[in-house]
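The values are calculated or read from the model by the stated rules, or taken from the named source; none is laboratory data. Small disclaimer: the values here were computed from a predicted structure and weren't measured. Cβ coordinates were reconstructed from backbone atoms using ideal geometry, including for glycine residues, and neighbour counts include every protein chain displayed. In case anyone asks, the SASA skips ligands and DNA or RNA and just uses the protein heavy atoms, side chains included. Shrake-Rupley method; radii C 1.70, N 1.55, O 1.52, S 1.80 Å.
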Amino acid sequence: MVDTLDGSGTDETGHGREALLRALLDTAAELSSLQDVESVLQSIVRRTRHLLRSDMAYISLNDHAAGETYIRQSDGVTTQEYRTLRMPIGYGILGRVATGVAPYQTTDYLRDESIPHLDSIDEIVAGEGVLTIMGVPLLVGGQVIGALMVAERSHRVFSPEEIDVADSLGTHAAVALDNAERYTRALHDAEQLSREHERSQEELVSRTQLMDFDAELLHEINRAPTEDGVLTLTARTLGAPVALLSESGEQIAVAAARPGHPDDPACRTPTIPPPEPAALEAATAEGRALRIGEGPDAVVVAPIRSGHDALGHLVTCGVEDPAELQLLDHAAAHMALALQFVRAEEDAQHRQQLDVIEDLLAERPISDHRLARRLQRWRLGLHDPIHVAVILPAQDTDAVRRLLRGLPGTRLAAPLGDQLCVIFDDERWVASARRQASEQGLGIQGAWSGPMPSIRHLPKHHRIARLAVTAMRLGGRQGLVDAADVGVVGAVLHAASQAEAQGDPIDLTAPIAALVSHDAERGTELVRTAATYFETDRRIDRTAEALFLHRSTVKQRLQSIRRILGEGWDRAPRNLDVHLALRAWGLTRSTDQASLPG
């Protein structure tokens, strides 16, 4: 069967992705240095076959006037008939990929009945001995110009990662091919059309400038693969401020038209009008830079994509020339590569931080020497006074994670379930976290504990902070607080945990032990019902509403509770002990299991 593939499920490690991106970067650098169309085509198929380790690779170009696509260049093909193949768009794998809908592959072409076949084409394929075929469309400015294909003389299923490789190669190949064809046409026009000599010369200069810009961008990424270098170079080349937005429209960074003294208006931190969500969606759908609006508030938005993944947008203002729009499109393509490098490095760093935090929380045996060496990369000493914060994001976990990792004093940060664990050593960290979360409209529930004299004490302080966050969630409390200030329930739990550590455990749930046992034996929810009853001011109507039950069902459950715990369980003086036991029961479970209303 033919599969439509997007490669979105690839799970890559940071180092693996970096190695792949380096190979793609080398390919892009080679392609950008070529100006002859045939040299570009030969480089494309040779690089594609090498990177995918396939029997053959070939590139087709579309003849829209004839409604056909034809193989223009190949590597590894043995028969002349296959090398010169020409077929209607829409037929076979080649014809279907050339429509530009999506990548396709088949593991047994001649027997695949889902593909529209032509007898003459099947004979040529059989003569070459081809079984497996996979291809990706080539697009320039949203228009399909052809397809990049690989084929095998044996059965093979190309993985989503390999399809992403082909897609990335196709993106750079399309840009390079478009550059080479435009350059060739510009030279031809300059030689043949003397009456348009001046216009052709300008186009040639513009194309040369674009190629020089590509080379500068690649050099910048090679030097320091971060978004800042690409952003600064783009702003300087355009002579206008450029902002990098996330896929959701949040501004991540902005570069002035040129660096220099802040008294120079062009050097000040610029303000770019934020585009409406509809403008971002329109640019993403168009696949190229779009000018949105008129007058001084007009902005230009260029989508940043890698394969089928939207990575963000470049936004600028004061740009009108079509050549400048092309520059922004090329900058967006290179920004995608830089962001992939950044993400690969971040993934590797975050994985290492998570490993250290998990080892410490699990109290795995690690020598001081080895632990100190692991902590050194984050400028953290074994006995540095530190704090630990446990954060529960209310929404937009990625934005909260970026905020916390960028705060002064953050040394380690890693997700643990639905919570974030952050280790910091700067007293300004808490105030900065509160201020920036408020400024960005990010809701958080969190608590910190410390300072601790050594990171070896992390398990104890992490438990204290986690219990405080659980208490905040159950109590509906928002913000970032000291774990010591959570309240009576948190303090009681803390005291009980200390007593247990000293070999004198305290069972805070003893007053409801019979109720807990009843639930465990019979699969009932009397503990939850009792807890909800207290948390709703002992009102049957609100308890029924919170538990999505009929009032009569709640009354029956309360009668069962009274029978098990005895008369007066919900009245003074016993009600305080029972309520505390119910809260302790909820707090000692994970936040996923605790479902008491807040």
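A few notes on this one:
- Wholly enclosed strands (runs of 3 or more DSSP E) of region 380-472 bearing at least 2 residues within 30 Å of HIS369 (Cβ to Cβ) and at pLDDT 90 or above: 386-393, 419-424, 444-452
- Every residue from region 84-128 that is among the hydrophobic types (A, V, I, L, M, F, W, C), assigned to a loop (DSSP other than H, G, I, E, B) and at pLDDT below 85: ALA98, VAL101, ALA102
- Of the helices (runs of 4 or more DSSP H) lying entirely inside region 1-83, those carrying at least 3 residues that are modelled with pLDDT under 85, within 20 Å of ALA344 (Cβ to Cβ) and open to solvent by less than 80 Å² (accessible area, probe 1.4 Å) are 14-33.
- Selection over region 138-164 of residues that are touching a residue at least 60 places away in the same chain (Cβ under 8 Å) and either of a type in the set (Val, Ile, Thr) or in a strand (DSSP E or B) (or both) gives a count of 12.
- Close pairs (6 angstrom Cβ cut-off, 6 or more residues apart or separate chains): at positive phi in region 79-98, open to solvent by less than 40 Å² (accessible area, probe 1.4 Å) anywhere: GLY92/ILE121
- Sole residue being open to solvent by less than 20 Å² (accessible area, probe 1.4 Å) and touching a Gly at 6+ places or on another chain (Cβ under 8 Å), chosen from LEU407, LEU375, LEU458, LEU371: LEU375
- Counted residues, region 427-448 - those being of a type in the set (Asp, Glu) and touching a strand residue (DSSP E or B) at 6+ places or on another chain (Cβ under 8 Å): 0
- Checking each residue in region 549-575 for being part of a loop (DSSP other than H, G, I, E, B) and aliphatic (A, V, I, L, M) picks out LEU549, ALA572.
- All of ALA338, ALA348 fail the test of being open to solvent by less than 50 Å² (accessible area, probe 1.4 Å), touching a residue at least 60 places away in the same chain (Cβ under 8 Å), farther than 22 Å from GLY141 by Cβ and outside any strand (DSSP E or B), apart from ALA348.
- Checking ARG291, ARG305 one by one, the residue that is of a type in the set (D, E, K, R), within 20 Å of ALA174 (Cα to Cα), at pLDDT 75 or above and touching a strand residue (DSSP E or B) at 6+ places or on another chain (Cβ under 7 Å) is ARG305 and no other.
- All positions within region 395-444 that are touching a Pro at 6+ places or on another chain (Cβ under 9 Å) and in contact (Cβ under 8 Å) with a residue 60 or more places away in the chain: ALA399, ASP418, GLN419, CYS421
- For region 551-589, a residue qualifies if it is surrounded by fewer than 11 Cβ atoms within 10 Å (Cβ to Cβ) and either touching an Asp or Glu at 6+ places or on another chain (Cβ under 6 Å) or at pLDDT below 85 (or both), and the qualifying residues are ALA572, PRO573, LEU576.
- With respect to the conditions (1) surrounded by 15 or more Cβ atoms within 10 Å (Cβ to Cβ); (2) in contact with a helix residue (DSSP H, G or I) (Cβ under 9 Å, 6 or more places away or on another chain); (3) modelled with pLDDT of 85 or more, ARG364 falls short on a single one, namely (1).
- Pairs, first open to solvent by less than 40 Å² (accessible area, probe 1.4 Å) in region 100-118, second hydroxyl-bearing (Ser, Thr, Tyr) and not in a loop (DSSP other than H, G, I, E, B), C-beta under 6 Å, six or more apart: ALA102/THR4; ASP112/THR106
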